Amino acid sequence: MLELYQFELSQYSEKVRLILDYKGLEYRKIEVTPGIGQVELFQKTGQRQVPVLKDGSRYISDSTDIIKYIDAQNPEPALMPQDPKLRGLCLMMEEWADESIGTKSRKALFSAVSKDQNFRKSLLPNSTPDVLKTLVEGVPGDVLKVLGVGVGYSPDVVELAMKDLQQDLEALTLILEGSPYLLGDEPCLADFAVAGLSILLKFPDGAYLDLPESIRGKGVPGLADNPIYQPFFEWREKLYAQYRKPIIGSTINSPNAPTSIQIE
């Protein structure tokens, strides 16, 4: 069985998960603990960043390379349009989504959680001990802001990211007006890339991620709750309902739930 080394809240991991579900492939999620788990991942795969896909003895890193590998091994259903111009647009849109929505959504979410203790606590996986949840909730927002500046998430950077994301969501909403998918009547890589990479802006309504039920459908204020962008998020929910497999039952017993990384 395929194994996906991942972070549950990594939007790049979610991009791959969407493609795996779309292709109807069975896989096991292996949750990598930030820090020590990444060292262990490096020992096994030579990679510190997730996602990493294991197929037999082969390891493939980077979400785009993983998807190319999956598509080459499993060409049906198709991920790319047949028309050359649409194919080019699809590839361009996937790259744009990676570099714009993928990177800027993390800045927007960081700003949101630094201002809201309850939101911050709710983002922890269901399996997180209550003691740790209380500890995370109690971190002062000012401390997080200082940490944010240290990693390049200053208020000015976050404000610019928010403006860019507003334009991105407006553009996507306009493109989808009167169209079931971004590039026509059939889904393609662009749709799944945009949908998966946008999860940090507003979490899906359904049970697709290992998050408390109370956080589903919530997201970054000013984006997730803006009625102008609701057509986009409604479109994403339909896409998820069509192709994304929800976690069934408890996250402990579900085959779709992540397990901890194991070193052989």
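The values are calculated or read from the model by the stated rules, or taken from the named source; none is laboratory data. Please read all numbers here as calculations on a predicted model, not as lab measurements. Note: ideal-geometry Cβ built from the backbone for every residue, glycine included; neighbour counts use all protein chains shown.
Suppose we keep only residues that are in contact with a strand residue (DSSP E or B) (Cβ under 8 Å, 6 or more places away or on another chain) and assigned to a strand (DSSP E or B) within the range 49-63. Which one would you say is farthest from Phe110 (Cα to Cα)?
Residue satisfying both the conditions and the ranking: Asp55.
Can you name the number of the only condition in (1) at negative phi; (2) in contact with a strand residue (DSSP E or B) (Cβ under 9 Å, 6 or more places away or on another chain); (3) surrounded by 14 or more Cβ atoms within 10 Å (Cβ to Cβ) that Asp98 fails?
Condition (2) is where Asp98 drops out.
Could you give me the residue pairs with C-beta distances under 8 Å whose first residue belongs to the range 225-246 and is farther than 30 Å from Glu76 by Cβ and surrounded by 14 or more Cβ atoms within 10 Å (Cβ to Cβ), whose second residue is among the β-branched types (Val, Ile, Thr) and at pLDDT below 95 wherever it lies, and which are 6+ apart or on separate chains?
Every condition considered, no pair remains.
Taking the condition of being of a type in the set (S, T, N, Q) and either touching a Ser or Thr at 6+ places or on another chain (Cβ under 7 Å) or assigned to a helix (DSSP H, G or I) (or both), how many residues in the range 71-84 meet it?
Selection size over the range 71-84: 1.
Here's the yes/no breakdown for (1) at pLDDT 95 or above; (2) within 17 Å of the chain's Cα centre (by Cα); (3) assigned to a helix (DSSP H, G or I):
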site: Val143; (1), (2), (3): no, no, yes
site: Asp156; (1), (2), (3): no, no, yes
site: Asp164; (1), (2), (3): yes, no, yes
site: Glu170; (1), (2), (3): yes, no, yes
site: Ser179; (1), (2), (3): yes, no, no
site: Glu186; (1), (2), (3): yes, no, no
site: Ala193; (1), (2), (3): yes, yes, yes
site: Phe232; (1), (2), (3): yes, yes, yes
site: Glu237; (1), (2), (3): yes, yes, yes
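Within the range 21-45, work out how many residues are at pLDDT 95 or above and part of a helix (DSSP H, G or I).
Qualifying residue count for the region: 2.
Residue by residue, here is whether (1) farther than 24 Å from Arg106 by Cβ; (2) in a loop (DSSP other than H, G, I, E, B) holds:
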residue	(1), (2)
Ser13	no, no
Ile19	no, no
Gln47	no, yes
Asp65	no, no
Tyr69	yes, no
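If a residue must be of a type in the set (Asp, Glu) and in contact (Cβ under 8 Å) with a residue 40 or more places away in the chain, how many such residues does the range 194-224 contain?
Qualifying residue count for the region: 1.
Quick one: is Thr134 in the same structural domain as Lys218 (by TED's automatic domain parsing), part of a loop (DSSP other than H, G, I, E, B) and either in contact with a Cys (Cβ under 7 Å, 6 or more places away or on another chain) or at pLDDT below 95 (or both)?
Answer is no for this residue.
Looking only at the range 19-43, count every residue that is touching a strand residue (DSSP E or B) at 6+ places or on another chain (Cβ under 8 Å) and surrounded by fewer than 16 Cβ atoms within 10 Å (Cβ to Cβ) and tell me the total.
Selection size over the range 19-43: 4.
Which one of Ala207, Ala193, Ala171 is closer than 14 Å to Ser100 by Cα, in contact with a helix residue (DSSP H, G or I) (Cβ under 8 Å, 6 or more places away or on another chain) and outside the structural domain of Leu18 (by TED's automatic domain parsing)?
After applying the criteria, what remains is Ala193.
Cβ-Cβ distance below 6 Å, separation of 6 or more or different chains: which pairs start in the range 148-172 with a residue that is within 30 Å of Leu183 (Cβ to Cβ) and end on one that is modelled with pLDDT of 95 or more and of a type in the set (Ser, Thr, Tyr)?
Asp168/Ser100; Leu169/Tyr229
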